[in-house]
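A quick write-up on the structure given underneath.
No lab work stands behind these numbers, since they all come straight from the coordinates. Computed from a prediction, not measured in an experiment: that's the story for all the values here. With ideal geometry, Cβ positions are generated from the backbone for all residues, glycine too; neighbour counts draw on all protein chains shown.
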Amino acid sequence: MIKRLFTTTLGLVIQLSLFSSIVFAQASVMLPVPSQVLFDKVVDEYFDFYFQFHPTAGTQAGLHQYDGRLEDFSRSGLDAEIAGLAQFQKQFSAIQSGQLSQASAGNLQVLTSSIQARLLELQSIQMWRKDPDVYVSDLSYSVFLIMRRNFAPPADRLRSVVAREREIPRVLEAARQNINNAPRVYTQVALQQMPDNIKFFQNDVPAAFREVREPKLLAEFKASNDAAIEALSQYQDFLRQDLLPVSNGDFRLGAENFRKKLRYDEMVDIPLDRLLEIGYADLRRNQQQLKEVAAQIDPHRSLAAVLADLRQDHPPADQLLQTFRDTLSGLRQFIEQKKIITIPSRVPPIVEETPPFARALTTAAMDTPGAYESKATEAMFNITLPSPDWKPEKVEQWMQGFNRGTIASTAIHEVYPGHYTQFLWLQAAPSKTRKLLYNNSNAEGWAHYTEQMMLDEGYGGHDPKLRLGQLLDALLRNARFIAGIEMHTGKMTLEQAEEFFVKEGFQVPPVAEVESERATSDPTYLYYNLGKLQILKLREDYQKLQGSKFTLQEFHDRFMRQGSVPMKIIRKSMLGTDGPTL
């Protein structure tokens, strides 16, 4: 399958190049040279600075000059990043946005806001001081990115792995120095993740470079890999023996930090009490629709019984990957027939099993290359299959999460017309800023929006079981929206959040446990539901503006052209106003 994709990669590059040229031509305007030149210069300098401190993000973006480095979590490194961010904040503030094109003025807002978000994290929220898993997850991901994609010969990539592995003891020593009074749930989650991270370096990394035959390089790799494993094992002991007994910190951001994070990350400044009203109203709408659809399926049975039947309607485990492939084919055909959105490439993603390293972290996910990756351009749609050593009852429980409704919703969200489709458009984003900065409420909001939109447009022939699956996913995001705010403003405990996911979100207890734990370290994960609601409002307002000229495909295509920026910026571009996003 991988070999087959490589034969079509050139076609993908050619298609994307042509597509990019069209979009760039549409976006080109005459600009006041002095201000625009200054702005472009500072943007280039800013990203050069940014990737010096975030080399893993550089690798992910396809900028491989950063492949031999790891993040510097030392106090001197953190202080240097803070100082640099403050300097760039001054430089961007000095630029006259009124002398820039509308697109560049929007980029200026996005960059300024992203700097504020990073400073808020470094100086006030300080997850680097609270969360021991931040360090380990970054380490594993930094190596995973290099071993996963064939952007260079294996020996060259292994040299980068060696360079990064040599830095791992230093990073973990900085973690010991930095972490102070961690919340207990953070340390517990980090301990849960440690065995898989250690196994990743023990098994997966060596397996990825089996074809390398250079004795000197292999010896260097054995030394760096053994040292990395030893450092991780010692860190695991530190977590269990030293940190866990004194992990009495508070995970809550507090209302002020929550408001600031939402304002800087998502450019949303709606008061939290108003957001809760919006969140609860959408929750109640989806709950009512769930009950109505369940009654449509079987009016004589309880909602719980109908949901139980839905969860049991799944393919055998050994047919799951093929079921997803078949679903993707049907989705693409429906999108083209109904003119939902332009899909810029005929090349589909590879559907394959989730790599062992990521199995503990995800059930299904898209793995796409960065906007500047020019060689390893394949995209993988990863599905986590049951482990061969699981007992039959555990396999059945796992497969219930891949029922027919969930398979459709997941395929829509991750691939067509969700994340993968947006990734294809991102290659043609009209600026470096819009290629490199990732906005959660845009990307996750879009993917979540498409789950509902596709069924509204008739996908699946209005099958109530597909709608039931979509609504369960919507209720999960509703519960995230509310729990995140309530937990971090002190109105809901971890245990109460678990109960909320079960009773109000109709989730099974294992999901409720994971979701409530996630809220502690991902406080604004309301961005799925937030983004979806913002897109629905944007579509309604855009349709009023366009009148009889409105088409869904033109709306979606124009939305995609904006890149991954907050809805506030997109509304200004598409509507010409700064009206409320909700």
Query raised in the report: What is the range 311-408 by shape, rounded, prolate or oblate, if you read a ≥ b ≥ c off the alpha carbon gyration tensor as root eigenvalues and call it rounded for a/c under 1.5, prolate for a/b larger than b/c, and oblate otherwise?
Result: oblate
Query raised in the report: Residues in the range 420-452 near a label at D44, defined as backbone nitrogen under 12 Å from the 7 Å Cα→Cβ point?
Result: none
Requested in this report: State, as an integer percentage, the relative contact order of the range 438-526 based on alpha-carbon contacts under 8 Å between residues 6 or more apart.
Outcome: 28 percent
Report summary line: Residues whose modelled amide H sits under 5 Å from the amide H of V351, counting only those 5 or more places away in sequence or on another chain, are F381
Requested in this report: Treating cross-link reach as a plain straight distance, find the lysines whose alpha-carbon is under 20 Å from the alpha-carbon of K199, omitting any fewer than eight places away in the same chain.
Outcome: K222
Query raised in the report: So, by mean Cβ neighbours within 10 angstrom, what's the order for 47-60, 186-199 with the highest one leading?
Result: 47-60, 186-199
Query raised in the report: Considering the Cα trace of the range 259-530, what is its radius of gyration and what is Dmax, both in angstroms?
Result: 18.7, 57
Query raised in the report: Pairs K260/K568; K339/K568; K432/K572; K90/K130; K339/K572: which exceed 21 Å Cα-Cα?
Result: K339/K568; K90/K130; K339/K572
Query raised in the report: Volume per residue, Å³, of the convex hull around the alpha-carbon atoms of the range 133-246?
Result: 84 Å³
Report task. Just flag the trypsin sites (Lys or Arg not before Pro) in the range 341-433 sitting in loop per DSSP whose Cβ has no more than 11 other Cβ atoms within 10 Å. Result -> R346
Report summary line: With 0.36 nm assigned to each residue of separation and the Cα-Cα distance removed, V508 to T493 gains 3.5 nm
Query raised in the report: Tell me, E352, E45 in order of fewest to most beta-carbon neighbours within 10 Å?
Result: E45, E352
Report summary line: Restricting to aspartates and glutamates and to Cα separations under 18 Å from K261, and discarding same-chain partners fewer than 8 apart, the set is E121, D131, D250, D269, D273, E444, E486, D522
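Where both partners of a DSSP beta bridge lie in the range 259-530, what percent of those bridges are antiparallel, to the nearest 5? Spell out each step's value before the answer.
Numbers: 4 of 8 bridges.
So the antiparallel bridges amount to about 50 percent of the total.
Divide by every residue of the chain the summed helix terms, -39500 (n - 2.57) for each DSSP H run of at least 4, and state the resulting mean residue ellipticity at 222 nm, rounded to the nearest 500 deg cm²/dmol. Don't skip to the end; give the middle numbers.
Working: 27 runs with 382 residues, N = 582.
Calculated at 222 nm, the ellipticity per residue is -21000 deg cm²/dmol.
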Query raised in the report: Roughly what % of DSSP beta bridges within the chain run antiparallel, to the nearest 5?
Result: 45 percent
**Report entry** Under the Karplus curve 6.51 cos²θ - 1.76 cosθ + 1.60, θ = phi - 60°, whole-Hz ³J(HN,Hα) for the range 308-316, x wherever Gly or Pro sits
**Finding:** 4, 5, 4, 5, 8, 8, 9, x, x
**Report entry** Distance histogram for the chain (every C-alpha pair counted, 10 angstrom bins, percent rounded to whole numbers)
**Finding:** 3, 16, 27, 30, 19, 5, 1, 0
**Report entry** Estimated FRET transfer efficiency (D326, E393; beta-carbon r; R0 30 Å; 0.05)
**Finding:** 0.65
Report summary line: At q = 0.20 Å⁻¹, the log10 of I(q)/I(0) for the range 351-433 from a Debye sum over equal Cα scatterers comes to -0.96
Requested in this report: Kindly state, to the nearest 0.05, the FRET efficiency for Q319 paired with S76, given R0 = 51 Å and r defined as their beta-carbon distance.
Outcome: 0.40
Query raised in the report: ³J(HN,Hα) across the range 182-189 via Karplus (A = 6.51, B = -1.76, C = 1.60, θ = phi - 60°), whole Hz, x for Gly/Pro?
Result: 5, x, 4, 4, 5, 5, 5, 5
